[in-house]
Amino acid sequence: MSNIKIPTSFNIDLEFETADVMKRFLAWLIDFAIRLCYYLIVYMVLVSFHFSSTTTLVLSILILSIPLMLYFLVLEIAMGGQTPGKKLLHLKVVSLTGNQPTVSQHLIRWIFRMIESPLLFFMFLIPVIIPIVAIARTPYSQRLGDVVAGTIVISIKRTGSIEETIFRDMSATDYQPQFPQITRLSDRDMNKVKELLDKALKAKDEVLAAKVAHRVKEVLHIQSDLPNTSFLETVLNDYNYYTTKDN
């Protein structure tokens, strides 16, 4: 397992943990179990209706083969880089720039998946060796489809406490915001600021805090003599004040 550094809009790298082979395989097994259950249920329903062989063949293609074939492509697009298996194992597909993959990137991954599936093990050994070797040899545990598509599977496990979000209770009427420019940033930007600030505080990394504070000041044209961590805490408070005061 290794870490990958992804540049943010603040020109500061965020670190993500790449997913190991075992977690990816377990996620695949969960998705396989879901597809198998779907297949068995639909197959039994089709058989119970006693359709003609031609009708059974057509229906099998339409409601069995096609949905099973498109499972990963459709769900990863619809669920923002996840499938039920990946979601349960806290895994997610992202692009190498840290953004959500484009439809074309998902499509490339899906095309290569068709020749890398573990289901081919008992029929064709070579296609299964390709992803195993690729995941083992690439720096970020990428299978061939990831390498070509420019994507990576990362671990996104979080404890989920409210302290990990940008939310702060600014309902006190006497709070005086200092930096109205902060409204130019998005929730996503502020989450990155919060994540980097937490990392700096936890590691007592004043250099990281200084880099984040400098970048925020540079982007928003802010001048402030506040200490770096105090400045970042203030912009987080200001953002919450301005985005919640009318709610």
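Computed from the coordinates by the stated procedures, all read-outs in this text should not be read as laboratory data. Everything numeric in this text was worked out from a predicted model, so none of it was measured. Glycine gets a Cβ as well: all are built from the backbone with ideal geometry, and neighbour counts include every protein chain shown.
Results, tabulated for the structure shown:
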item	result
Ellipsoid semi-axes in whole angstrom, largest first, where each is sqrt(5λ) of the Cα gyration tensor of the range 32-116	31, 14, 9
Proximal lysines relative to Lys92, as straight alpha-carbon distance under 17 Å, when same-chain residues fewer than 8 apart are discounted	Lys5, Lys23, Lys157
Rounded FRET efficiency, nearest 0.05, which uses the C-beta distance separating Asn99 from Leu62 and R0 of 30 Å	0.30
R0 of 30 Å, Cβ-Cβ distance Met114-Asn191: FRET efficiency to nearest 0.05	0.25
12 Å beta-carbon shell around Asp31, net charge (K/R +1, D/E -1)	+4
Nearest-0.05 FRET efficiency for Leu88 and His50, computed from C-beta distance (R0 51 Å)	0.85
Contour minus Cα-Cα distance for Thr138 and Asp174 (0.36 nm per residue)	7.5 nm
